[in-house]
Amino acid sequence: MRKAHRLRFQVHLLGTAAASETHTTSTLTDLQRLESSLHEVLSMIDRVQAYIQSVLTGETEGDISVGRYLLETLSTATDGLESGRLESLFNSHLQVRAAFL
């Protein structure tokens, strides 16, 4: 299975290089891709947090559709958590953030 996965990846790299103007491609490792993805997710969370903060302070008028989307996303992402666990995690996060302020 690993050989088949590696071969597909190599074919994908060749196709990517052939399609680019410079005929080159990146050979990031899985760990580098994961790191990059985590940075992107953290950036998204920072943007959402900044938006929520600006709504709470009154700098920005809240958008109902954005609020619903965020609630649905949070609900979906926390389906596996036991009741009250999300609130506990959130409060812990706030305490850590307050300690650094």
* Using the count of nearby Cβ atoms within 10 Å as a rough guide to exposure, how do Ile52, Ile64 rank from fewest to most? -> Ile64, Ile52
* So if we plug the beta-carbon distance of Ser88 and Gln32 into 1/(1 + (r/R0)^6) with R0 = 30 Å, what FRET efficiency do we get, rounded to 0.05? -> 0.35
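A short reminder: the numbers here are calculations on the coordinates, not readings from a lab. Worth saying up front: this structure is predicted, and the values here are computed from it rather than measured. Neighbour counts are summed over all protein chains in view; Cβ atoms, including those assigned to glycine, are modelled from backbone coordinates with ideal geometry.
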